[in-house]
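The values are calculated or read from the model by the stated rules, or taken from the named source; none is laboratory data. These numbers come from a predicted model, not from an experiment. For neighbour counting, all protein chains shown are included, and Cβ atoms are generated from backbone atoms with ideal geometry for every residue, glycine included.
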Amino acid sequence: MFGVGTNTGLLVGQARARLNQSLSRWSFTIARRFTQKKDTGKRLRTNDAIRTSPVRLIDDEDNQIGVVDLAEAKQRAKDAELDLVEVAPNSSPPVCRIMDYGKWKYQERKKAQKAKSHSKKSELKEVRLRPAIDEHDLQIKTDRARRFINEGHKVQFTLMFRGRQNAHKDIGRDLMLQVADGLSDVSKIETPPRGQGRRMTMIIVPDKTGEEKKQKKKDDDAKAAAAKTEAKPEAKTDAPPKTAEQPAGAG
């Protein structure tokens, strides 16, 4: 009995030790997975990490120096207090550039972040209108569409005709063009107003050059008005010559 109890306790202890060991390995793997940094950019060899000689050298002012010995390229970078970076290792000979490597990596990171922010998925948002909409409601709808445009989304305006309104679809078309004109500083028309049965739709998309175009149109109109004013002939103010008055009783 004493031997059986001892063996059972020994087996339990061994199983517990193996379990603790497995848990430790699992915890280490999970921690390493979440703490390990992901390499988001390409790694370039710099300075003393470059081994191949000769190299084709480009200086910090984008001047083509030509093929030089690696030692000379390193010395030029050292004299400029910059880094020697191997930008095209697979070329023959490899291409190296003298630059501020830390600044270059920072700029590349900023470009990647900017590209990521601009790559957000664009959605098609819908704004519904009525042919007899009042000015207040129209302004609310326009402001909503402007918000969607500023978020980078396309906007589809949908207008429904009912009853006798179907005989005056030109009113709906004019209304949509009015809305598009009010948003022309941030958008442009992708699909002009078109009717589909009782519906009429129009799609506008973001356009960052809209404000510049609008300002240019204002400037052109102002110049045209000024030129028209200058070219307008002045009104004639010449009065007919006065005749000499004859003295009373003459004649």
Worksheet item: Considering only residues of the range 65-79 that are of a type in the set (Gly, Ala, Ser) and assigned to a helix (DSSP H, G or I), which is surrounded by the most Cβ atoms within 10 Å (Cβ to Cβ)?
Response: 73
Worksheet item: When the residues of the range 80-113 are filtered to those that are of a type in the set (Gly, Ala, Ser) and surrounded by 12 or more Cβ atoms within 10 Å (Cβ to Cβ), which remaining residue is farthest from residue 52 (Cα to Cα)?
Response: 112
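Among the helices (runs of 4 or more DSSP H) contained in the range 80-192, which hold 1 or more residues that are in contact (Cβ under 8 Å) with a residue 60 or more places away in the chain?
Working: elements: 101-118, 135-150, 169-182.
Counting at least 1 such residues, we get 101-118.
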Worksheet item: Since residue 37 meets every condition but one in (1) modelled with pLDDT of 90 or more; (2) on the phi < 0 side of the Ramachandran plot, which condition does it not meet?
Response: (1)
